[in-house]
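Participant: Please find one structure pasted underneath; my questions will follow.
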Number of protein chains: 2
Amino acid sequence: MPISFFEHINRFTNLTKGDFDKVLQYFTIQTYKKKEIILSAGSKCNFNYFVLEGCAHMFFIGKNGTQRTVQFAIENWWITDHLAFQRGNITDFSIQAVDRTTILQIKRDDQKKMLEEFPELERYFRKIFEIAYGASLVRMKYVFDYSKEDVYYHFTESFPEFAQRVPQYLIASFLGLTPEYVSEIRAKKRS
Amino acid sequence: MPISFFEHINRFTNLTKGDFDKVLQYFTIQTYKKKEIILSAGSKCNFNYFVLEGCAHMFFIGKNGTQRTVQFAIENWWITDHLAFQRGNITDFSIQAVDRTTILQIKRDDQKKMLEEFPELERYFRKIFEIAYGASLVRMKYVFDYSKEDVYYHFTESFPEFAQRVPQYLIASFLGLTPEYVSEIRAKKRS
């Protein structure tokens with residue numbers, strides 16, 4: 001069973017249940033169907049998304065027409081184009097539900113008000129971004145340094161929950177591999 | 001002239017000069033010679049670094065022996081292996097002064113104490129990491145989507161202050177290009 005949003009926030013801060021109920025009022029809850037688009041490239045990035053259940057990914061369409069995943073979110077992960085969200089800009093990325101996905105979403109202005117009302121949440125978000133940025137640097141190391149096969153195994157061993165739940169073509173896209181290549185190395189492993 | 005650390009913090013918060021003086025006591029200031037190692041791969045990552053003057057980069061040595069830059073910092077930028085710093089782990093990265101570089105450095109435990117004494121700094125660090133993480137997603141887009149030549153031009157046009165100050169071989173390493181390739185496209189542009 002996934003940790004609730006309340007428990008997730010209180011990993012890094014100490015919100016009372018009463019305050020948490022006030023925090024929740026800044027959010028709306030929405031369920032997206034499998035493959036439904038949550039945010040479209042070319043539109044303003046007005047929301048930050050917290051996945052309660054399911055899985056979402058953020059991608060762009062490359063110049064050659066290929067879809068390329070840059071970020072995943074399963075339960076208790078945040079996902080958005082953070083630079084565009086912070087600035088209220090048009091995004092080049094799309095966000096899509098991988099499965100049926102339930103999300104808590106918050107508008108930029110509401111997030112600002114929420115952080116003014118509950119400044120202790122700054123610590124929570126600082127930790128979330130510190131980990132995400134730190135992990136992106138480590139990711140860069142293994143994407144650049146490992147062979148394609150090792151990147152795939154490193155990823156699936158480090159994040160077994162993903163490997164089981166996320167379609168192989170999305171993992172391939174995230175790692176810069178073709179779906180055919182992933183099928184090939186999986187077949188090699190089985191044989 | 002570089003913005004001072006005080007002004008940098010107060011971009012995102014409202015520290016008084018008196019509080020800032022107390023904040024400063026958590027840091028030590030150190031000047032590193034050109035090419036001096038600030039943090040060594042294989043050692044514990046105990047410090048977070050804020051560049052006051054000069055330039056530093058974080059790199060790893062790849063399996064084939066090549067040095068690969070994953071992060072730069074010029075004036076008013078933070079640099080460390082954030083994941084290892086947060087957890088007090090051994091790092092796989094090294095940090096090195098590119099030029100003669102003056103740095104404010106803070107130990108993990110001191111940063112914790114400082115954030116407890118001045119919780120308003122959480123907002124400052126949240127913003128720093130939000131921007132850094134958001135930029136790393138955008139970087140992933142152009143590294144994956146642009147031709148090698150376009151990556152180089154996009155980078156040097158977006159960050160002209162780097163292009164002028166940082167040696168070409170480090171920019172090449174950061175972008176995943178060989179120094180020879182960078183010389184070639186620069187020669188092509190001049191002709």
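Since every read-out is calculated from the coordinates, none of them should be taken as a lab result. Fair warning: this is a prediction, and the values are worked out from it, not measured in the lab. Note that each Cβ is placed from the backbone with ideal geometry, even for glycine, and that neighbours are counted across all protein chains shown.
Participant: Grab the DSSP H runs of the protein assembly as shown that are 4 residues or longer, score each as -39,500 (n - 2.57), total them, divide by all residues and round the 222 nm result to the nearest 500 deg cm²/dmol. Present the calculation step by step, with values, prior to reporting the outcome.
Facilitator: Details: 18 runs with 182 residues, N = 382.
Result for the protein assembly as shown: -14000 deg cm²/dmol, rounded to the nearest 500.
Participant: Would you work out if the protein assembly as shown is rounded, prolate or oblate? Take a ≥ b ≥ c from the square roots of the eigenvalues of the alpha-carbon gyration tensor; rounded if a/c is under 1.5, else prolate when a/b is larger than b/c, oblate otherwise. If you can, show how the numbers build up before the last one.
Facilitator: On the way: a/c = 1.58, a/b = 1.03, b/c = 1.54.
Because a/c hits 1.5 or more and a/b fails to exceed b/c, the protein assembly as shown counts as oblate.
Participant: Taking a point 7 Å out from Cα toward Cβ as the label site, list the nm distances between residue B:150 and the same residue in every other copy, smallest first.
Facilitator: Values, ascending and in nm: 3.0.
Participant: Then there's this: Along region B:29-40, what does the Karplus equation 6.51 cos²θ - 1.76 cosθ + 1.60 (θ = phi - 60°) give for ³J(HN,Hα), rounded to whole Hz, x for Gly and Pro?
Facilitator: For region B:29-40, the Karplus-derived couplings read 10, 8, 10, 10, 6, 3, 6, 5, 7, 9, 9, 9 Hz, x marking Gly and Pro.
Participant: How far apart, in nm, are the 7 Å Cα→Cβ label points at residue A:77 and residue A:159?
Facilitator: 0.4
Participant: Run the simple label-point estimate for residue B:107 and residue A:107 please: 7 Å along Cα→C-beta, distance reported in nm.
Facilitator: 4.8
Participant: With springs only between Cα atoms under 10 Å apart, run a GNM on chain B and tell me which of B:111, B:25, B:168 wobbles the most.
Facilitator: B:25
Participant: Given the convex hull over the Cα atoms of region A:146-191, what projected area results after averaging over all orientations, in nm²? Spell out each step's value before the answer.
Facilitator: Values: hull surface 11.7 nm².
The number I arrive at for region A:146-191 is 2.9 nm².
Participant: How fast does region A:1-86 diffuse by Stokes-Einstein, in µm²/s, taking the Kirkwood radius from C-alpha pairs at 10 °C and 1.306 mPa s?
Facilitator: 107
Participant: Further, regarding this structure: Which residues' amide hydrogens lie under 5 Å from the amide hydrogen of residue B:75, considering only partners 5 or more residues apart or on another chain, with H built in the peptide plane?
Facilitator: For residue B:75, whose amide H was placed from the backbone, the distant partners under 5 Å are B:54.
Participant: Let me check I've understood the local charge: for residue A:9, count other residues with C-beta under 15 angstrom from its C-beta, Lys and Arg +1, Asp and Glu -1. What total comes out?
Facilitator: On the way: positive: A:11, A:17, A:22, A:123, A:126, A:127, B:126; negative: A:7, A:19, A:21, A:75, A:117, A:120, A:122, B:122.
Cβ neighbours under 15 Å give a net charge of -1.
Participant: Tell me, what is a quarter of the convex hull surface for the C-alpha atoms of region B:5-145, in nm² with one decimal?
Facilitator: In nm², the orientation-averaged hull projection of region B:5-145 is 9.0.
Participant: Follow-up. If you add up the charges near residue B:162, with Lys and Arg at +1 and Asp and Glu at -1, over every other residue whose beta carbon is less than 15 angstrom from its beta carbon, what do you get? Please report the intermediate quantities before stating the final value.
Facilitator: Values: positive: B:139, B:165, B:186; negative: B:75, B:99, B:157, B:161.
Local charge sum for residue B:162: -1.
Participant: Give the separation of the Cα centroids, region A:133-191 to region B:1-62, in Å.
Facilitator: Region A:133-191 and region B:1-62 have Cα centres separated by 35 Å.
Participant: Turning to a different aspect of this structure: What lysines does residue B:113 reach when the alpha-carbon gap must be under 17 Å and sequence neighbours fewer than 8 apart in one chain are set aside?
Facilitator: A:127, B:22
Participant: Just to be sure I understand: with springs between alpha-carbon atoms less than 10 Å apart, which residue in B:97, B:56, B:84 has the highest mean-square fluctuation in the Gaussian network model of chain B?
Facilitator: B:84
Participant: Past 31 Å, Cα to Cα, is the threshold; run A:33/A:107; A:44/B:188; A:44/A:148; A:17/B:17; A:33/A:141 against it and keep the listed order. Write down the numbers at each step before the final one.
Facilitator: Details: A:33/A:107 21 Å; A:44/B:188 38 Å; A:44/A:148 35 Å; A:17/B:17 36 Å; A:33/A:141 35 Å.
Table pairs above 31 Å Cα-Cα are A:44/B:188; A:44/A:148; A:17/B:17; A:33/A:141.
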